[in-house]
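One structure is given here, and the rest of the page talks about it.
Here, each number is a calculation from the coordinates, and none is a lab measurement. Just so we're clear, the structure is a prediction, and the values are computed from it rather than from any experiment. Don't worry about glycine lacking a Cβ; one is built from the backbone with ideal geometry, like all the others, and counts go over all protein chains shown.
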């Protein structure tokens, strides 16, 4: 009866449904994306191997990840064509849209939000936009508006897994329903007006009416989710790290909640931004602020301290991969079903260079274990990788921003 009414089609694969839909899940498992973006980049010499291919020698940042070597790909010599502006290019990390230096350009949709737009209605939350601190994110809507991030793991955990009282859930569902009623009225007005217009105006109104119907469908799903209980997890609500400069501990805590969100299929598209903090990270051997270290000017002491900080970021990223790899999702590793992407707007934070962006790609069913080495003087378009990722995640798309195709050498 549930299948007949179409209700089951709108629900994600919840844990409670696993025995019933086991055969379906083995045939088609959901694919997911997690992007982690760094506001201050990574020192290229510590990240990129000298040689390309599968026999590369691990660099200082990659040595702690050697147990995961066949689970990720290193990509060098890439950037977003036309994107400049140093720190301002944070806005372009996931959109690949040039923003210029004056801030007058209009941004476009980021890859996470493009996926959420097309497939996000399959889960309670179409996407999650997160940060290690601050109020900026690289996630942008179709009209170029930045989506403010959530930076508290405890608030995120409550949003994902702590149910509101029944009466509050009823009120929330009623508010959504009232909004849907307004959309229905607007839709009726559009139909009435269409009969009085010429062909050109009818086409324009048809496009508008289509967008209204799409909004109605999203609101209908929102009403359904408001009535359903949130998933139970065998985990306690995390305690937020009080020290704003302890970026590694904050990264670890947020990644633990991200894993739970993926594991419960609460969402499939997550962006997590680590902005450039000015404070001193509580790491042994570090006594200068992170932002100051990133502008090292080739000073050996600063480079040495910066390496400690950046290696800790990459190492924690690797631990996140291990956690996903060890998590079973109906016979498959959660890492195999999740594309995990790490990059930054800065290839060299010291001189604000946006070329030669650091890129690590893991999971997602790609054939990893290699270093894709492109020309560091004449960079390969990174949007090509975005097309490959989007196709792998189910998008029927052959171009994104300034792409020229899919990424050469990357295979699934």
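Tabulated data for the structure shown
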| quantity | calculated |
| --- | --- |
| 20 °C / 1.002 mPa s Stokes-Einstein diffusion coefficient of region 331-398, Kirkwood radius on C-alpha pairs, µm²/s | 158 |
| Volume of the Cα convex hull of region 226-328, divided per residue and given in Å³ | 133 |
| All-pairs alpha carbon distance profile, region 279-412, 10 Å steps from 0, percent | 11, 32, 32, 21, 4, 0 |
| Region 80-132 - Rg over Rh from alpha carbon coordinates, Kirkwood radius | 1.07 |
| Protection proxy ranking of 296-302, 253-259, 383-389 - average other beta-carbon atoms within 10 Å, highest first | 383-389, 253-259, 296-302 |
| For region 25-119, projected area of the alpha-carbon convex hull averaged over all directions, nm² | 8.9 |
| Relative packing of 315-321, 405-411, which averages over residues the other C-beta atoms within 10 Å, highest first | 315-321, 405-411 |
